[in-house]
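Working notes for the structure below.
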Amino acid sequence: MSKTLRASDLAQFTGSQTWRRHPLNPNITYTDGAHHVARAGEAYWLLDAIVAHQLDPKVAAHEFQVWKLVVAANRSAVLICEDGDHHLVAKQEIGFTDFPLAEIILWFQNQVIFLPSEY
């Protein structure tokens, strides 16, 4: 499957009809928009990373989290979690990714991963 994720497609997600349970932690769900990012961008690993970081009490203590993936020209990336007030909560260096966008932001609140447009 070729990657079909385009930034322009993300604005169509303004709510969610379906919440899917994450297999690593069924208490965490994700929306149609987050599912589209994972499916079209072949990036279920991104959802997995956000869920895995919830095991860190320092991260889980923040009810609202902003997750930003930034992909460099050399295909390395950094996954950053902020608290919503631009304070760094967590940072993960990624040696290589084939994620198709240069940057994406996902939000995490009330045990749900979603696109900002779905708020």
**OP:** Filter the range 51-81 down to residues that are touching a helix residue (DSSP H, G or I) at 6+ places or on another chain (Cβ under 7 Å) and farther than 12 Å from residue 107 by Cα, then give me how many there are.
**Re:** 4
Original post:
With respect to residue 39, is the statement that it is within 18 Å of residue 114 (Cα to Cα), modelled with pLDDT under 95 and open to solvent by 70 Å² or more (accessible area, probe 1.4 Å) true?
Top reply: no
**OP:** Being farther than 26 Å from residue 8 by Cα and exposed (fewer than 14 other Cβ atoms within 10 Å of the Cβ) narrows it down to one of 73, 90, 61, 102, so name that one.
**Re:** 61
Subject >> Selection status of residue 69, under 14 Å from the mean Cα position of the chain (by Cα), under 21 Å from residue 5 (Cα atoms) and touching a residue at least 60 places away in the same chain (Cβ under 8 Å) >> reply: no
Subject >> the range 46-58, residues that are loosely packed, with under 13 Cβ neighbours inside 10 Å and either on the phi > 0 side of the Ramachandran plot or outside any loop (DSSP other than H, G, I, E, B) (or both) >> reply: 57, 58
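The values are calculated or read from the model by the stated rules, or taken from the named source; none is laboratory data. Just so it is clear, the model here is predicted, and its values are computed rather than measured. Cβ sites come from the backbone with ideal geometry, for glycine too, and all protein chains shown count toward neighbours. With ligands, DNA and RNA removed, areas are computed over all heavy atoms of the protein, side chains included. Shrake-Rupley method; radii C 1.70, N 1.55, O 1.52, S 1.80 Å.
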